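Asks: Take a look at this one; I'll ask things after.
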Amino acid sequence: MYPLILCSLLVWGVIFERLWSFYRLSRGLRSFHLEAMNTLLRSDLDALKGVCHQNSQLPTAVLLMTALERLGAKDRRLRVSWRDALERRRQILNQDLRQNLWILGTIGSAAPFIGLLGTVVGILRSFQEMARTGSGGFTVVAAGISESLVATAAGIVVAVVAVMSFNAFQTRWSRLVLTVRLQTEELAELLGLLAEQAGSADDT
């Protein structure tokens, strides 16, 4: 039961951490996107950098800073490939959003087997006690078996909570990844237009 109690604490810890993280991220993405769009429409890149630094915990802010750093590079090859760098960075951040979800998946798979192991050990102890005392019958082992079956029930409960939470967070993660991608593409489109205008002005 001790491993199952530890697994249960981990599961609930991850659940509360992910709930708070995804809730805060959803609100932050909406507000940052509006502020960044307004700043881009004003063509104020210095203010945009400040907004990104203030929201450095948001994926879209990190991606926008990556694009700005590439566009501000002295090497023309870095400036030309800024969209590729943006996409690579986005893929990395997508994986970061799945942080700690592997714990739920692992516990959801392992908890029933941990409970079953506890049940097997409890039954073995019951039969060992029966052999030691020299008495037999169902009444001798009934108490031990009933206690050992609690481990199986606990393992199933922990697994159900972990698997349901894992699936729910996977769905939420997919929505957040889509939101980040759409917002990044919209911001990159405006940023690309500003970069083209700046390049045309430099050429003239």
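No value in this document is a laboratory result; all are computed from the given coordinates. Here the structure is a predicted model, which is why all the values come from computation and not from measurement. We place every Cβ from the backbone using ideal geometry, glycine too, and count neighbours over all the protein chains shown.
Asks: Students often check this: by mean Cβ neighbours within 10 Å, which of 92-102, 8-18 ranks highest, and how do the rest follow?
Replies: Values: 92-102: 13.7, 8-18: 16.5.
Going by the mean number of other Cβ atoms within 10 Å, highest first, we get 8-18, 92-102.
Asks: Please work out the Cα center distance from segment 2-21 to segment 24-67, rounded to the nearest Å.
Replies: Between the Cα centre of segment 2-21 and that of segment 24-67, the gap is 32 Å.
Asks: Based only on other Cβ atoms within 10 Å, what is the fewest-to-most ordering of Ser56, Ser81?
Replies: On the way: Ser56 9, Ser81 14.
So the ranking, lowest neighbour count to highest, is Ser56, Ser81.
Asks: In addition: In whole Hz, with x marking every Gly and Pro, tabulate ³J(HN,Hα) for segment 172-181 from phi via Karplus 6.51 cos²θ - 1.76 cosθ + 1.60, θ = phi - 60°.
Replies: Each residue's phi maps through the Karplus curve to give 5, 4, 4, 5, 5, 4, 5, 4, 4, 5 Hz.
Asks: Using alpha carbons only, how many degrees (0 to 90, rounded to 10) separate the axis of helix 82-96 from the longest principal axis of the chain?
Replies: Approximately 20 degrees, to the nearest ten.
Asks: For helix 101-133, what angle does its Cα long axis make with the longest principal axis of the chain, in degrees from 0 to 90 and rounded to 10?
Replies: That helix lies at roughly 10 degrees to the long axis.
Asks: How far is helix 59-71 tilted, in degrees, relative to the longest principal axis of the Cα atoms in the chain, given as a value from 0 to 90 rounded to the nearest 10?
Replies: Helix 59-71 and the main axis of the chain meet at about 40 degrees.
Asks: Restricting to DSSP H runs of at least four residues, report the calculated mean residue ellipticity at 222 nm for the chain, -39500 (n - 2.57) per run over all residues, nearest 500 deg cm²/dmol.
Replies: Working: 7 runs with 182 residues, N = 204.
Helices in the chain give a 222 nm mean residue ellipticity of -32000 deg cm²/dmol.
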